[in-house]
Every structure is written in structure tokens, then in C-alpha cells.
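The values are calculated or read from the model by the stated rules, or taken from the named source; none is laboratory data. Bear in mind the structure is a predicted one, so any value in this text is a computation, not a measurement. We place every Cβ from the backbone using ideal geometry, glycine too, and count neighbours over all the protein chains shown. Calculation scope for accessible area: heavy atoms of the full protein, side chains included, ligands and nucleic acids excluded. Shrake-Rupley method; radii C 1.70, N 1.55, O 1.52, S 1.80 Å.
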Amino acid sequence: VDPAKGARIGGMIAMGCSGTNAYRYGTIKAHVLSLTLVLADGTVVKTRNRPRKSSAGYDLTNLIVGSEGTLALVTEAILKITPLPKNPQVGLAVFASMDDGVAVAIAIMKSGMQLEALELVDGDCMQCINHSKLASDVFEERPTLFLKFAGSAQGVKEQVSFVQGLCEERGVTSCEFTGDKHRMDAIWDARKCLGNALATMKKHDSDLVITTDAAVPVSKLARLVEGSREIVKEQAGEQGWWSGSVGHVGDGNVHTAIVCPQSAKAEVEQLLAKIQRLALELEGTITGEHGIGLKLRDLLNEEVGTEGVDAMRKIKFALDPKGILNPDKVVRLEAGV
Ligand SMILES: Cc1cc2nc3c(=O)[nH]c(=O)nc-3n(C[C@H](O)[C@H](O)[C@H](O)COP(=O)(O)OP(=O)(O)OC[C@H]3O[C@@H](n4cnc5c(N)ncnc54)[C@H](O)[C@@H]3O)c2cc1C
């Protein structure tokens, strides 16, 4: 599913992670068939066998995926594997505005054409990639769609030609499609290095990188991207904080990042909470893939209501009555604190 470099299977399952391949292949949830768990009291549980489907009782596997290590330790996982994509090609399309990139992404999704990956990076983040020198090439510092194609040779040709046509309709300023392995790696590495590149925008070592992880239904994606920019740009600019956005647009998931001094942490978190609330207004979620942890517990109340959080707390105590597994993460052990 391609999350951050270095992520391990246990952490990926615990966090319900996803990444650039999730648009085509689903999040980690779609890949976990069965788990072996150690519960808080030491009991070992295997959640199910390994057929493609099963209706045998409660779905313990998916209760644990995304539970952030609060319900059980995962010690074994049976995962689905997928054949490697055939005839891969990568595309890079540069636009004058984010709106054009979003419009092309939405048109691709509405067409029903299934690409391998669809990522949108704004001009600030493209500048950040160049600034970091983590990519093997230098890229235009404008809104850029990163695309991946695969399938039969003829199918890929048709996909590329269709996408190229859409890009041209939206006035793409430059466009490249390649099947050359070296060039494909160079383009995709640029997208993948962004997570680490953000840290290079710090003015001081002690500065912070704070990001959102909002996700909305694809029909509301344009409003999330536009709204996030409106919320952040003015204040970040006035304060001299760096900011930028990158979207797993195929999944309606957008990360807006701000790099700021430690002294501004509370102020930035409040600003970014406005984006998460916007996502809720748009029938979305405060976190598409990073999880709740400690930081988003209050906003979780806004997403699922006190009743929802209370139900989660009951599940927590049913499996971990002493509250010893990642205590106070996701839900506070004590209600109303
Ligand atoms: C630069 C950067 C980019 C990122 N990009 C993405 C991205 O694109 N998509 C995405 O989804 N996430 C992303 N993340 C977040 C992170 O990489 C993922 O959540 C990843 O799945 C965490 O895996 P890990 O092995 O690092 O877990 P860890 O950080 O080691 O652990 C995460 C949590 O899982 C629990 N845990 C770990 N192992 C187990 C186990 N065996 N059983 C039970 N609980 C366990 C830990 O207690 C902890 O609470 C990014 C993070 C960074 C720093």
C-alpha cells in the first residue's frame, strides 16, 4: 500500500495505513486476511482462517486493523498479495493552478478508468522537493499530477491518450508520460520523498512540521483543496510559516503541512483543526490514514459523537480491562476528561 518508507507490517496494520497504491488496491484493510493476536491478559487469538471470504462471527480482524495498538498486539498476519502490474507507465502533468489538477483528477475518476495511482502536489510542495535535494531530478514548481498506469499494452496506451486529452482540455502547461524504468523511478521517488522533504523547510532544528490528514468523498474534493488553501495561506504567509498541500486525490485524502516554530504549535494546531472541521462539514473524516493517537481525540468526538467514542471505550475495556495497551490513545480511558 506504500506508506512512509520504513513502516513495518505490525505498525501498518495497527494504523490502518494507506499510501499512493491505495487508490487502486485499497488500504491495508483490503489486504489483511487474518491476524494472530496477543490480548492484554496474554490470551492468543487467531481471528480467522485464510479463505477469500468468511462470515464466521464478529469481524475481529478488522476490529484490530486501525486500532493503534490499543486492543491487542499483532504477532502474525496473513496478507493478500497482488501480481506486479504489467506494462507500467508513469505520468507527470503540470498545471497553472490546483483547480485544474483537481478537475483532471475528478474527470479521470468519473470516467471509471482505473489508474494505478493518482497524486496531486501543489507548487509549494514541488518547491520543497527541489529544495530538499532528496529527488534525483529537479521539477517545475507548479501544481503537478503524478499518475501511474498499468495493464495490457493496448489498455495502457488508451489510458495515457485519454488522460493526456483531459490534461490538454484543462490547459496543462507541460506533460510527460514514460515507460522508461529509470525515469519512472525518478518521477515517483520525487513524490515519495516529500514526507521527508518537509523537514528540510525548517528554519531552525527545533521547528515543527504539523500536518492534516483530512479525507472527503471524491465529489467534495475540490472544496476541501480550495478551503484548505483559504484557511492556511493568509495566516501562514503573515507569520512567515511555510505551508503546502499534497493529496492522495484518488482517495479524496489531502495533507496540508505547516512548518513553524515550536512557540506557534498551539496556534497552528487550531488553524489546522479548521481544515479537519471543514472535512467533517463535507461529510469526510479528520484522518484518512494517520490515525487519532493523542492529538485528534477531541476532534474524534466531533466526528463520531460522544456516543461513538463511548462505544469505542467499551470495546477498549472489554479487551483490555486494565487499560495497559497504549493507554489513553484513540480514546481517553476516563470519559469526560
Ligand atoms: C514522512 C512520513 C510519511 C508518512 N506517510 C504515510 C502515508 O503515506 N500513509 C500512511 O498511512 N501513513 C503515513 N505515515 C505514518 C506512518 O508511516 C504509518 O502510520 C505506518 O503504518 C506506521 O508504521 P510503523 O511500522 O512506523 O509503526 P510505528 O510508528 O512503530 O507504530 C505505530 C503504532 O502502531 C502500534 N504498533 C506497532 N506495531 C504493532 C503491533 N505489532 N501490534 C499492535 N500495535 C502495533 C504502535 O504501538 C504505535 O502506536 C507517514 C509517516 C511519516 C513520518
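Quick notes on this structure:
- The chain: angle of helix 153-169 to the longest principal axis, Cα-based, in degrees nearest 10: 70
- Each residue, T173 and D328, gets one label point 7 Å from its Cα in the Cβ direction; the gap between the two is 4.8 nm.
- Highest-MSF residue in the chain out of G293, G155, G179 [GNM, Cα springs under 10 Å]: G155
- Here K53 and T306 are evaluated by their C-beta separation; at R0 = 45 Å the FRET efficiency comes out at 0.85.
- Fluctuation leader among G16, G305, G284 - the chain, Gaussian network, Cα springs under 10 angstrom: G305
- Compared with the direct C-alpha span, the chain from N62 to R277 gains 74.8 nm at full extension, assuming 0.36 nm per residue.
- Added length on full extension, which subtracts the Cα-Cα distance from 0.36 nm per residue, I78 to K157: 24.9 nm
- Dipole magnitude of the chain, debye to nearest 20 (Cβ charges: Lys/Arg +1, Asp/Glu -1, about Cα centre): 1280
- Fraction of accessible area attributable to carbon and sulfur, region 99-224 (%, probe 1.4 Å): 49
- Environment charge of R50, counting only residues whose C-beta is closer than 13 Å and scoring Lys/Arg +1, Asp/Glu -1: +4
- Distance from region 239-284 to region 37-98 (C-alpha centre basis), Å: 27
- Across q = 0.07 Å⁻¹, the chain modelled as identical point scatterers on its alpha-carbon atoms has Debye log10 I(q)/I(0) values of -0.31, in the order of the q list.
- Inter-probe distance in nm under a simple model that places probes 7 Å from Cα toward Cβ, at T200 and R183: 2.3
- Among A107, A214, A56: highest mean-square fluctuation, GNM of the chain, C-alpha pairs under 10 Å: A56
- Of the trypsin sites (Lys or Arg not before Pro) found in region 240-334, those in coil by DSSP whose Cβ has at most 10 other Cβ atoms within 10 Å are K322.
- E234 contributes about 130 Å² of solvent-accessible surface, heavy atoms of the protein only, 1.4 Å probe.
- Principal-axis tilt of helix 123-132 within the chain, Cα atoms, nearest 10 degrees: 80
- Spin-label pair A103/L294, simplified geometry with 7 Å Cα→Cβ offset, distance in nm: 4.5
- Under the shape rule built on the C-alpha gyration tensor, where the axes satisfy a ≥ b ≥ c, region 86-138 is oblate, since a/c reaches at least 1.5 while a/b does not exceed b/c.
- Under the combined filter of DSSP loop state and at most 13 neighbouring Cβ atoms within 10 Å, region 114-187 retains these trypsin sites (Lys or Arg not before Pro): K133.
- Region 123-274, dipole about Cα centre (Lys/Arg Cβ +1, Asp/Glu Cβ -1), debye to the nearest 20: 200
- Members of K274/K295; K203/K274; K203/K329 lying beyond 20 Å, as alpha-carbon distances in this model show: K203/K274; K203/K329
- Per residue, the accessible area of the chain comes to 49 Å², computed with a 1.4 Å probe over protein heavy atoms only.
- Cβ-defined net charge surrounding C175, 13 Å radius [Lys, Arg +1; Asp, Glu -1]: -3
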